[in-house]
Amino acid sequence: MELAERLIAKTPGDFAKKAFLLSTGAEAVENAVKIARAATGRQAVIAFGGGFHGRTLLGMALTGKVAPYKAGFGPFPAEIYHAEYPNALHGVSVADSLRSIEHIFKYDVEAQRVAAIILEPVQGEGGFYVAPPEFAQALRALCDKHGIVLIADEVQTGAGRTGTWLACEQWGVAPDLVTMAKSMAGGFPVSAVIGKAELMDKPLAGGLGGTYAGSPLACAAALAVLDVFEQEDLLTRSRAVGVRLTGALQALAGQHAEIQDVRGLGAMVAIELFKDGDHAQPDADLTKRVCAEALQRGLVLLSCGLYANVIRILVPLTASDALLDEGLAVLGQALVAAKASHGCGA
Ligand SMILES: Cc1ncc(COP(=O)(O)O)c(C=O)c1O
């Protein structure tokens, strides 16, 4: 109860809210969709290309990236449609993205049968592309117009990662439901759906739940995380980490033409690599080599992105500046080594 109350207090939206605890991010996503369907009596869900929502069957269906997440695992649950996620670097404007939703209403399913639109405020596995606030505001207006539930999947962006407790706090409008997991309990398996009480109350009693949902140990871990956020002012630290990472990565981009974009929100920062700096040639191979070279030097990097050419940085918010600088230096060395072995010189 204490965790639910504290999560509710931190979630935007000028309406009565409830919170429901589960174990994994995918479970939170699945339950948000169940709640939206039960509340609206509708079936269809719109998600976005490049989005990632988990590895369960509905999670995979909502995910907008075939390899490696969906290949060979179908068939998937029906009534899931994918729109374009705004991505200026790859030529998708906010207007293009909104048009792709109108196309779904025209080509595939009428708006009156759509239960929910689900999006990540910053695509995680998809490449750290950030949804501009005006896009979220347009989605809010669209959902209000058609009675659609707006779900922010904050499994990766939530818990202070983007400089605010939830990334959607930076939208200027509130989603109806939010999903959280990952960092909210510092790695202990607990997840949550938080949102409008009038929606959360719609499923029948017993329709939502799980044996391990909201286990006491994981709740204690999540409460400790919330305490540390306050005691160590980790939201301020998240923004400072973001500024430090962005500055250093921009300096690195000045030395390497392959880095064509440094972007992110708060401490959720990424670089995107292109062959010869040409936006038509995403360089997945170089990205893989940089990660391998970094690993040899003791730094674990994670790549991501629709074109597998993005290196994302998700350091603990408690990491010191000295440790950040050490990691950034290793990244620079790994890049030089990867380019040398790539045959394009250092
Ligand atoms: C945005 C998003 N949604 C859902 C999930 C699934 O979470 P889990 O792996 O805990 O099931 C993830 C995991 O990476 C994620 O990033």
*asked:* Restricting to the range 42-57, name every residue that is open to solvent by less than 50 Å² (accessible area, probe 1.4 Å) and either within 11 Å of the ligand (Cβ to nearest atom) or under 21 Å from Val130 (Cβ atoms) (or both).
replied: Ile46, Ala47, Phe48, Gly49, Gly50, Gly51, Phe52, His53, Gly54
_Condition first: open to solvent by 20 Å² or more (accessible area, probe 1.4 Å) and either under 26 Å from Ala115 (Cα atoms) or within 16 Å of the ligand (Cβ to nearest atom) (or both). Can you find one or more residues in the range 225-244 that meet it?_
yes
*Test result for Lys145, within 16 Å of the ligand (Cβ to nearest atom) and basic (Lys, Arg)*: no
*Could you tell me whether any residue of the range 14-22 is under 18 Å from Glu125 (Cα atoms), within 14 Å of the ligand (Cβ to nearest atom) and either open to solvent by 50 Å² or more (accessible area, probe 1.4 Å) or not small (Gly, Ala, Ser) (or both)?*
no
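Results for (1) touching a His at 6+ places or on another chain (Cβ under 8 Å); (2) open to solvent by 10 Å² or more (accessible area, probe 1.4 Å); (3) part of a loop (DSSP other than H, G, I, E, B), shown as yes or no for each residue.
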site	(1), (2), (3)
Phe135	no, no, no
Leu139	no, no, no
Cys143	no, no, no
Gln156	no, yes, yes
Ala159	no, no, yes
Gly163	no, no, yes
Glu169	no, yes, no
Ala174	no, yes, yes
*List the strands (runs of 3 or more DSSP E) that sit entirely inside the range 249-313 and contain at least 3 residues that are open to solvent by less than 60 Å² (accessible area, probe 1.4 Å) and farther than 24 Å from Val66 by Cα.*
259-265
*How many residues are open to solvent by 30 Å² or more (accessible area, probe 1.4 Å) and not in a loop (DSSP other than H, G, I, E, B) if we restrict to the range 204-222?*
3
*Counting just the residues of the range 25-41 that are farther than 30 Å from Ser93 by Cβ and surrounded by 21 or more Cβ atoms within 10 Å (Cβ to Cβ), which one comes out nearest to the ligand (Cβ to nearest atom)?*
Ala26
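The values are calculated or read from the model by the stated rules, or taken from the named source; none is laboratory data. This is a predicted model, so every value here is computed, not measured. Positions of Cβ are backbone-derived with ideal geometry, glycine not excepted, and every protein chain shown enters the neighbour counts. The protein model used for the area step is the full one, side chains on, heavy atoms only, and it has no ligands, DNA or RNA in it. Shrake-Rupley method; radii C 1.70, N 1.55, O 1.52, S 1.80 Å.
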